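The values are calculated or read from the model by the stated rules, or taken from the named source; none is laboratory data. From a predicted model like this one, the values you see are computed outputs, not experimental measurements. Note that each Cβ is placed from the backbone with ideal geometry, even for glycine, and that neighbours are counted across all protein chains shown. Each accessible area value is taken on the protein alone, full model and side chains, heavy atoms only, with ligands, DNA and RNA left out. Shrake-Rupley method; radii C 1.70, N 1.55, O 1.52, S 1.80 Å.
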Amino acid sequence: MSNNWTRPSNIDFPAVWTTFQIKHPKTGETCAFQIKDLPEDRFDEAENIMIEHFLSEEEMCQSKEISKDPSSMALARIYYREMIERKLTLICVPEGSDEIVGINVLDPVTKYDDKIELPEGTDAAVLDLQIAAEFAMKQADIFGKYSVDKYMSAWGLYVFPKFRGMGIAGEILKARVPLGKAVGFHVTSTQFTSSTSQAVAKKVGFVDDFVIPYEDLGKKEPFIEFPNIKSPLLKVMSLPIN
């Protein structure tokens with residue numbers, strides 16, 4: 001997260017990256033959507049979605065009860081704002097509407113990034129999340145495997161409940177390709193923390209770079225336990241951008 005990457009000034013912002021139509025699973029009605037850049041006047045709204053909705057549902061955060069810790073939530077808000085201001089966040093909206101139905105907060109990672117240093121006294125649960133994430137990404141070795149010096153990462157994909165079951169999450173993941181190609185990335189790589197998100201990523205072409213049972217994270221390095229977690233595996237998965 002701590003790097004000097006900026007969105008190229010010759011790339012339009014905000015831009016529409018993909019459009020798609022899909023039948024509503026309950027009504028059978030055909031619905032049209034756009035996936036586009038999050039505009040600046042909606043940065044606050046996007047930040048609130050991630051803080052108030054995503055963090056309460058994400059499996060690793062649920063296990064560590066992050067949403068119940070005010071200091072952790074305050075820190076998360078700072079980091080989400082920093083990521084959102086990089087102008088890589090994607091939103092999905094119905095055509096002809098401004099309603100956000102899904103959001104994916106993306107962030108560049110470069111080979112020369114400074115290590116994230118959490119403030120002194122940070123809650124142990126947040127430190128555990130950081131340690132587990134750093135361990136998984138180190139094992140995945142995205143820079144070496146794909147021979148790149150930067151990649152497009154993500155810190156949360158959220159689709160509102162009433163729009164789930166329509167394939168929107170997969171369409172948002174696919175939209176990383178035209179966005180990434182335009183702004184100069186050759187691969188996008190993410191930790192997928194639930195069985196559901198892993199299945200969606202696989203369906204749209206993401207491949208496994210590193211897979212570990214949550215149980216092993218507690219028994220072996222990095223010795224971080226995730227009690228009562230629903231999914232069995234943590235995966236780092238990537239999609240080449242050609």
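Below, the figures for the structure above:
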| item | result |
| --- | --- |
| Members of the stretch 189-224 that are open to solvent by 70 Å² or more (accessible area, probe 1.4 Å), in a helix (DSSP H, G or I) and more than 21 Å from Phe143 (Cα to Cα) | Thr196, Lys203, Glu215, Lys219 |
| Condition met for Glu120 (part of a loop (DSSP other than H, G, I, E, B), at pLDDT 95 or above, open to solvent by 10 Å² or more (accessible area, probe 1.4 Å) and farther than 18 Å from Gly184 by Cα) | no |
| The stretch 26-43: number of residues that are assigned to a helix (DSSP H, G or I), in contact with a Lys or Arg (Cβ under 9 Å, 6 or more places away or on another chain) and either surrounded by fewer than 16 Cβ atoms within 10 Å (Cβ to Cβ) or charged (D, E, K, R) (or both) | 1 |
| Count - residues of the stretch 171-188 that are in contact with a strand residue (DSSP E or B) (Cβ under 6 Å, 6 or more places away or on another chain) and open to solvent by less than 20 Å² (accessible area, probe 1.4 Å) | 8 |
| Qualifying position, being open to solvent by 10 Å² or more (accessible area, probe 1.4 Å), within 22 Å of Phe192 (Cα to Cα) and in contact with a strand residue (DSSP E or B) (Cβ under 8 Å, 6 or more places away or on another chain), among Val109, Val101, Val105 | Val109 |
| Within the stretch 82-98, tally of residues that are in contact with a strand residue (DSSP E or B) (Cβ under 6 Å, 6 or more places away or on another chain), assigned to a loop (DSSP other than H, G, I, E, B) and open to solvent by 10 Å² or more (accessible area, probe 1.4 Å) | 1 |
| Unique residue being more than 19 Å from Tyr80 (Cβ to Cβ), open to solvent by less than 10 Å² (accessible area, probe 1.4 Å) and touching a Ser or Thr at 6+ places or on another chain (Cβ under 7 Å) when the list is Ile142, Ile168 | Ile142 |
| Answer residue from the stretch 52-81, given it is small (Gly, Ala, Ser) and under 16 Å from the mean Cα position of the chain (by Cα) and is most open to solvent (accessible area, probe 1.4 Å) among those | Ser56 |
| Residue pairs meeting the criteria (Cβ under 8 Å; at least 6 apart or on separate chains; first polar (S, T, N, Q), in the stretch 27-38; second open to solvent by 10 Å² or more (accessible area, probe 1.4 Å) and not in a strand (DSSP E or B)) | Thr30/His24; Gln34/Glu95 |
| Identity of the residue in the stretch 147-163, under 15 Å from Phe54 (Cβ atoms) and open to solvent by 40 Å² or more (accessible area, probe 1.4 Å), that ends up farthest from the chain's Cα centre (by Cα) | Pro161 |
| Number of positions in the stretch 184-224 that are under 17 Å from Leu239 (Cβ atoms) and basic (Lys, Arg) | 2 |
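Residues checked against (1) under 16 Å from the mean Cα position of the chain (by Cα); (2) farther than 17 Å from Gln62 by Cα; (3) of a type in the set (Ser, Thr, Tyr):
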{"residue": "Lys145", "(1), (2), (3)": "no, yes, no"}
{"residue": "Gly165", "(1), (2), (3)": "no, yes, no"}
{"residue": "Leu179", "(1), (2), (3)": "yes, yes, no"}
{"residue": "Val183", "(1), (2), (3)": "no, yes, no"}
{"residue": "Ser195", "(1), (2), (3)": "yes, no, yes"}
{"residue": "Ala199", "(1), (2), (3)": "yes, yes, no"}
{"residue": "Leu217", "(1), (2), (3)": "no, no, no"}
